[in-house]
Amino acid sequence: MLFEASRAKAVDKLNHFVENNLSEYSRLRNFDFGPDNRSNISCLSPYITHGVINELEVINKSLKKLSFVKNEKFIQEVLWRVYWKGWLELRPNVWSDYLIELKKLRNEFKDNQNYIDAIEGKTNIECFNQWISELKENNYLHNHTRMWFASIWIFTLELPWQLGAEFFLQHLYDGDPASNTLGWRWVAGVQTQGKHYLASEWNIKKFTNNRFKDIKLNENATPKVSGKSYPKIEQDFNNPQNLEEKNLLIFENNLSFEITDFKENKFKKIYIISNKNEGRSIKLSEKLIKFKSLLIEDQEQRLKDKSIDCEVVNISEIKNIENYYSLYPAVGENLDYLNSNNLKMNFLYRNLDQFSWKYCNKGFFNFKNYIPKIISTFN
Ligand SMILES: Cc1cc2nc3c(=O)[nH]c(=O)nc-3n(C[C@H](O)[C@H](O)[C@H](O)COP(=O)(O)OP(=O)(O)OC[C@H]3O[C@@H](n4cnc5c(N)ncnc54)[C@H](O)[C@@H]3O)c2cc1C
């Protein structure tokens, strides 16, 4: 399976999926037919994560093909990402605590044979080993497989979820602090406290079309317990009333300036910020860094084609740039870098996020009630 690193290819993928496969999405989405047969799902997450295409563009295109009622499941999934982001924005300590715990666990587990066997795909669980190679080779796993993978990691292999979440972030082309950290917390049973996700042999067999035999799992484990709770922190995500003509910084989550809410504004120069591991506490695989670099180059080229003054700079160069706004990088490594280097913020938030994040107080089932309102506001 191949993810070509350009906006043109992402838009092609979106159009092809909507035209040919969207109508069967809700019936087939839970099946993992293997890496050579991914037509039942969109495989758009590597592009949406990097802002190469955005959620509204995807939803609007899908609504041109199918009505809201026929398309509700797909729209819900697309907005699930916005919900996880908002949930984490309101509780950023979940991310900072995760990094603190991870640092400690990395040390504790660096010579642990179970851990080494797991990340090398040498366990006695065939499907798990195959998913490890798939993740390293294709940098993508199906959603259901991510759930089984995380559940086996935590409850059968008895490894800490924090290390599994790190392994995903190192390899997934769509690796995202919110969807990933909260996805792993949810499987472990610490996101919705007391509710975990337990993978089972029959479920894996059914939804992989019996591609795997003999799957011996711990199907009776109890949820993990966390002593910590994370009350919501009140925050403003306001933009300045009038934008002055300053420079603009774009991070890796907004790599299509031309579809942002600020595309009509005038900026002196656009700086596309590249973060090739030196500014990260989780070191990404070479393939993932390469994928990000190609997406950055593609954005640079598109801006140049429109005669917009722009430059790709390393994150360590931000200190030399004056008088700028930045498209909000969201909770994660780039924001951590700005904070820890005392760099000026002046963030610009997306309209969709400003509007939707206020509904991220409670669980997704509550958020779902606001989806029609979100759609009617932006469609
Ligand atoms: C343990 C675990 C870790 C995960 N880590 C990540 C991650 O790092 N980055 C990431 O983007 N997603 C993550 N997910 C969510 C989900 O698995 C992927 O977004 C999805 O598999 C992407 O494939 P797709 O584009 O074909 O999805 P589709 O089924 O075609 O869905 C369309 C879009 O909806 C969004 N979406 C779908 N399911 C979810 C979901 N459960 N949560 C949030 N958004 C969703 C994605 O943007 C996706 O591109 C994780 C899920 C789990 C259980």
Task: Out of Ile132, Ile100, sole residue that is over 24 Å from Ile289 (Cβ atoms) and more than 11 Å from the ligand (Cβ to nearest atom) - done: Ile100
Task: Search result, residues across region 168-182 that are closer than 18 Å to Ser42 by Cβ and more than 8 Å from the ligand (Cβ to nearest atom) - done: Tyr173
Open item on the list: Anything in region 185-196 that is of a type outside the set (A, V, I, L, M) and out of contact with any Gly (no Cβ under 8 Å at 6 or more places or on another chain)? List them, or say none.
Closed with: Arg185, Trp186, Gly189, Gln191, Gln193, Gly194
Open item on the list: Restricting to region 135-147, name every residue that is within 18 Å of the chain's Cα centre (by Cα) and part of a helix (DSSP H, G or I).
Closed with: Leu135, Lys136, Asn138, Asn143, His144, Thr145, Arg146, Met147
Task: helices (runs of 4 or more DSSP H) wholly inside region 1-81 containing at least 2 residues that are closer than 24 Å to Asn366 by Cβ, open to solvent by less than 20 Å² (accessible area, probe 1.4 Å) and within 10 Å of the ligand (Cβ to nearest atom) - done: 55-65
Open item on the list: Checking Lys224 against (1) open to solvent by 40 Å² or more (accessible area, probe 1.4 Å); (2) in contact with a Gly (Cβ under 9 Å, 6 or more places away or on another chain); (3) more than 14 Å from the ligand (Cβ to nearest atom), only one condition comes out false. Which one?
Closed with: (3)
- [ ] Take Gly164 and decide whether it is farther than 24 Å from Leu79 by Cα and at pLDDT below 95.
- [x] no
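Okay, residues lined up against (1) modelled with pLDDT under 95; (2) under 22 Å from the mean Cα position of the chain (by Cα); (3) crowded, with 20+ Cβ neighbours inside 10 Å:
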residue: His171; (1), (2), (3): no, yes, yes
residue: Pro177; (1), (2), (3): no, yes, yes
residue: Asn180; (1), (2), (3): no, yes, yes
residue: Trp186; (1), (2), (3): no, yes, no
residue: Val190; (1), (2), (3): no, yes, yes
residue: Gly194; (1), (2), (3): yes, no, no
residue: Tyr197; (1), (2), (3): no, yes, no
residue: Lys205; (1), (2), (3): no, no, no
residue: Lys213; (1), (2), (3): yes, no, no
Open item on the list: Can you confirm whether Ile132 is closer than 30 Å to Lys358 by Cβ and β-branched (Val, Ile, Thr)?
Closed with: no
TODO: Read through the list (1) open to solvent by 10 Å² or more (accessible area, probe 1.4 Å); (2) in contact with a Cys (Cβ under 8 Å, 6 or more places away or on another chain); (3) not basic (Lys, Arg), then give the number of the only condition that Trp148 fails.
DONE: (1)
TODO: Under 6 Å between Cβ atoms, at least 6 apart or on separate chains: pull out the pairs that start in region 153-170 with a residue that is outside any helix (DSSP H, G or I) and end on any residue that is open to solvent by less than 10 Å² (accessible area, probe 1.4 Å) and within 11 Å of the ligand (Cβ to nearest atom).
DONE: Leu159/Trp153
- [ ] Evaluate region 23-33: report whether one residue or more is in contact (Cβ under 8 Å) with a residue 40 or more places away in the chain and closer than 22 Å to Ile250 by Cβ.
- [x] no
- [ ] Consider only pairs whose beta carbons are under 9 Å apart and that are at least six residues apart or on different chains; among these, list those whose first residue lies in region 305-328 and is more than 21 Å from Lys263 (Cβ to Cβ) and whose second residue is open to solvent by less than 10 Å² (accessible area, probe 1.4 Å) and in a helix (DSSP H, G or I).
- [x] Ile315/Leu338; Ile318/Leu338
Task: Odd one out for Trp84 among (1) within 11 Å of the ligand (Cβ to nearest atom); (2) not in a helix (DSSP H, G or I) - done: (2)
Task: Flag for Asn93 being in contact (Cβ under 8 Å) with a residue 24 or more places away in the chain, more than 16 Å from the ligand (Cβ to nearest atom) and within 19 Å of the chain's Cα centre (by Cα) - done: yes
Open item on the list: Given the options Glu158, Glu201, name the one that is open to solvent by 40 Å² or more (accessible area, probe 1.4 Å) and under 29 Å from Arg38 (Cβ atoms).
Closed with: Glu201
TODO: Examine region 236-253 for a residue that is free of Cβ contacts under 8 Å to residues at least 40 places away in the same chain and under 30 Å from Gln130 (Cα atoms), and state whether such a residue exists.
DONE: no
TODO: Would you check if there is a residue in region 110-124 being open to solvent by less than 30 Å² (accessible area, probe 1.4 Å) and over 18 Å from Asn218 (Cα atoms)?
DONE: yes
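The values are calculated or read from the model by the stated rules, or taken from the named source; none is laboratory data. Keep in mind that this is a model prediction, so the values were computed, not measured. Positions of Cβ are generated from backbone atoms using ideal geometry, with glycine treated the same way; all protein chains shown enter the neighbour counts. To get the accessible areas, we keep the full protein, side chains included, count just its heavy atoms, and leave off ligands, DNA and RNA. Shrake-Rupley method; radii C 1.70, N 1.55, O 1.52, S 1.80 Å.
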